[in-house]
1. Looking at 212, 226, 262, which one has the Cα that reaches farthest to the positive end of the dipole of region 202-301 (charges on Cβ: Lys, Arg +1; Asp, Glu -1)?
2. Quick check: from the Cα gyration tensor, does region 104-254 come out rounded (a/c under 1.5), prolate or oblate?
3. Mind ranking 287, 45 by accessible surface for me, highest first, 1.4 Å probe?
4. Sort the following peptides by mean Cβ neighbour count (other Cβ atoms within 10 Å, averaged over residues), highest first: 156-168, 185-197, 232-244.
5. Under the classification rounded if a/c is under 1.5, otherwise prolate if a/b is larger than b/c and oblate if not, where does region 149-188 fall, given a ≥ b ≥ c as square roots of the Cα gyration tensor eigenvalues?
6. Can you bin region 100-186 into rounded, prolate or oblate? Criterion: square roots of the alpha carbon gyration tensor eigenvalues sorted a ≥ b ≥ c, rounded for a/c under 1.5, prolate for a/b above b/c, oblate for the rest.
Amino acid sequence: MSFEEEPPTTIHTEEALSPRAPWSFLAPALPGGFGRWGWGLMAGWALVLLGPSLGWAGHLRRAAGWSALPSHWGEGISARDIWELWVNGGLQHRAANSPTVHLLGVGLVIVLWCGWRLQAEAGGQKARLGSWLLGALDTLLIGLLPVGLVGWAAYSALAWAGGLGIDGLGWMAFFGRPLVVMATVAALNLQWWFCRLGRAAGLSRGYWAHLADSFLRLWLHPIQWGLVNLGGAALRALLPFLVLLLAWRLGGGTTFRVWLFLLLQLAVTLINGWLMGWLLRVAAHFWTHDAAVRDALAALKEDAREA
């Protein structure tokens, strides 16, 4: 009687613990965008982007006796005009108390905190301020240089292509360079998200293992994360640009048109806030699965070492 030896098993044969790429989490992260933290994130973005527009119009009306918003929507203003308004119009004396500054600051605080609460909840972690701050320090340590170098190389390549005098390359550089900057910031944010989630989960395998895992979660999938960052930046920039283009073409001769443009801007701002929440959930789901895979691998290595 013969016994066949069973082949060794690994965690890769288990579907729940098989490695998965970032794109596989795009669909699972779609639900859950309208919870309390999701709505808070969208409200914060509304304050960040709409607050300066409304606050600046009201500030001009109070400080200079007029507001250019209803009558000259989309009309260009020169640097000399801005200087005259700022110096001779007395605006600089009231800038510190401008609603623009207050709304922008409050909006940023709401965006950052609600985004962290939303992501921590999606990742099954507790949102602590210490994890948020220490994760930012970890990002400076492992993310600033590599992400900055890649962004600088892409930006320089587009600038060189735009200087060749070819119309197509010139337009590509014109639109591509701002997108590269936004995608670079998005990549740094993504690295921060991984670091702060790792901090929130605790450093069970040590600090250097935490840094290595956080670094590899971004750089083992450079194409997929790069396209997510670039596509997200392009979409978030496209929607407000379309509203601005419509406002420029139609003009703002009536108060109704001005309010129409503001409402459209509000709509696309809320959409952009939801998109940011979606990306936060994608990163959280990916981190949760990747952490489980790495913990299981570490446990297998420890068992093999003991055997």
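The values are calculated or read from the model by the stated rules, or taken from the named source; none is laboratory data. Keep in mind the model is a prediction, meaning the values are calculated, not measured. Counting neighbours? That spans all protein chains shown, and the Cβs are built from the backbone with ideal geometry, glycine included. Only protein heavy atoms, including side chains, enter the accessible area calculation; ligands, DNA and RNA are left aside. Shrake-Rupley method; radii C 1.70, N 1.55, O 1.52, S 1.80 Å.
1. Selected residue: 262.
2. Details: a/c = 3.05, a/b = 1.49, b/c = 2.04.
Oblate, because a/c is 1.5 or more while a/b does not exceed b/c.
3. Values: 287 15, 45 65 Å².
So the residues, ranked largest to smallest area, are 45, 287.
4. On the way: 156-168: 12.2, 185-197: 23.7, 232-244: 16.1.
Output ranking for 156-168, 185-197, 232-244: 185-197, 232-244, 156-168.
5. Working: a/c = 4.75, a/b = 2.01, b/c = 2.36.
It comes out oblate by the Cα gyration axes.
6. Numbers: a/c = 3.12, a/b = 2.02, b/c = 1.55.
In terms of gyration-tensor shape, prolate.
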